[in-house]
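The values are calculated or read from the model by the stated rules, or taken from the named source; none is laboratory data. Keep in mind that this is a model prediction, so the values were computed, not measured. Please note: Cβ atoms are built from the backbone with ideal geometry, for glycine as well, and neighbour counts cover all protein chains shown.
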Amino acid sequence: MADADLVDWLRFTAVPGVGTRRQLALLRAFGDPAGALAAPDERLREHLPAGLLPGWRAALAAPCPAVEATLAWLDTPGTAVVTLGDPAYPTRLLDLPDPPPLLYLQGRTGLLESTMLGVVGSRGATPQGLENARVFSAALSGSGLTIVSGLAAGIDAAAHLGGLEGLGSTIAVVGTGLDRVYPASNRALAHRVAIDGLLVSEFALGTPPKAEHFPRRNRLIAALSHGVLVVEAALGSGSLITAGQAVELGREVFAIPGSIHSPQARGCHRLIKDGARLVESADDVLGEIDWQVRLAPPQRPPVQAEPASADDETVLGALGHDPADVDTLVVRSGLTVERLCAILLGLELTGRVATLPGGRYQRLA
């Protein structure tokens, strides 16, 4: 796409108060952002409330720092912006009534052409749920599926870790701009995904985490995926919303059962009662859908965990056998935060440490 065209798209989507649905209406009416930006007021009034028109004109007349910031960000290797008019735009998102006009990408953009499986679940997952998410995701990624999740704490993070172990890798769809990481405890994981997987956002750079962003993120997970696996979810959890969106889009929904006494299993049990596929192994997922139709060839070899080191043993010793957060581990180990997070990530990949709610870590072996 020519730089001028991209600037039009960026300015078009940066106008305050004009959300996705109005942007799509303007694109249908005028064909492209350039047409909408040049449209006379009398035509715009057919598609914009009168109260938004002065702001639209003022925003388009003034310099736009967000556009300059994005163009500078695009100088970073591995970054891209894909527009609704771009042939590289994921066609599965067109199943949505409100596909985002722009997608910000960082990492292996070719993963958007792969066969994807959403893996979602509770932020407050149990250690067994975290292990299930990682092991299932690793096995499914090893079969060539790309694991899609939302980079949240708990099941999402474990799913990404598992996806990174296999050929299929992982895609993290986030609810912030790609220059931010939320939650901060997943910073090291986000950096790993940006290198070996793919980060995706519909939100402009600088966008902070807001509650209303995460249901929008979830609809992208459901739309991109050929099916959605729910690992653990309480009743009323956001994961059930994602599963519902998947059903509306005609995607298959899978759920892992748990203890009848666990609140974190009740959402999965509800899904199974409502028709979701009960899953006990990765083969249960692979056997339900003809995944071979669109499996993309791997672009990178599977991630190999580094051999155990003295620093690994230091961190495991600092963890002991009770959960601890990063601040505590920094004090106990004497390591920097950056080095500690890198070691914890490696220990998660090898199944020796699990992430718990609240940014804490638990030794598993």
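Observations on the structure shown:
- So Arg28, is it basic (Lys, Arg), surrounded by 15 or more Cβ atoms within 10 Å (Cβ to Cβ), more than 23 Å from the chain's Cα centre (by Cα) and not in a loop (DSSP other than H, G, I, E, B): no
- Scanning region 3-34 for residues that are under 11 Å from His47 (Cβ atoms) and either hydrophobic (A, V, I, L, M, F, W, C) or free of Cβ contacts under 8 Å to residues at least 60 places away in the same chain (or both) yields a count of 9.
- Hits in region 44-97 (condition: more than 18 Å from Gln23 (Cα to Cα) and among the acidic types (Asp, Glu)): Glu68, Asp75
- Restricting attention to region 196-242, the residues that are of a type in the set (Gly, Ala, Ser), modelled with pLDDT under 95 and part of a helix (DSSP H, G or I) add up to 2.
- The residue that is farthest from Gly124 (Cα to Cα), among those in region 243-274 that are outside any loop (DSSP other than H, G, I, E, B) and of a type in the set (Lys, Arg), is Lys273.
- Pairs with Cβ under 7 Å, 6+ apart, first in region 85-109 and surrounded by fewer than 16 Cβ atoms within 10 Å (Cβ to Cβ), second in a helix (DSSP H, G or I) and not hydrophobic (A, V, I, L, M, F, W, C): Asp98/Thr20; Asp98/Arg21
- Where a residue in region 330-353 is under 11 Å from Arg192 (Cβ atoms) and its partner, wherever it lies, is among the charged types (D, E, K, R), with Cβ under 8 Å and at least six apart: Cys341/Arg187; Leu345/Arg192; Gly346/Glu306; Gly346/Asp312; Glu348/Arg134; Leu349/Glu165
- Looking across region 66-122, the residues that are among the charged types (D, E, K, R) and outside any loop (DSSP other than H, G, I, E, B) come down to Glu68, Arg92, Asp95, Glu113.
- Selection status of Val148, touching a Leu at 6+ places or on another chain (Cβ under 9 Å), in contact (Cβ under 8 Å) with a residue 12 or more places away in the chain, β-branched (Val, Ile, Thr) and not assigned by TED's automatic domain parsing to the domain that holds Arg352: yes
- Matching residues in region 1-25 - criterion: being surrounded by 13 or more Cβ atoms within 10 Å (Cβ to Cβ) and assigned to a loop (DSSP other than H, G, I, E, B): Met1, Ala14, Val15, Val18
- Screening region 31-65 for residues that are in a helix (DSSP H, G or I) and of a type in the set (D, E, K, R) and picking the one that is surrounded by the most Cβ atoms within 10 Å (Cβ to Cβ) gives Arg43.
- Checklist (1) farther than 21 Å from Pro99 by Cα; (2) touching a His at 6+ places or on another chain (Cβ under 7 Å) applied to Gly175, failing item: (1)
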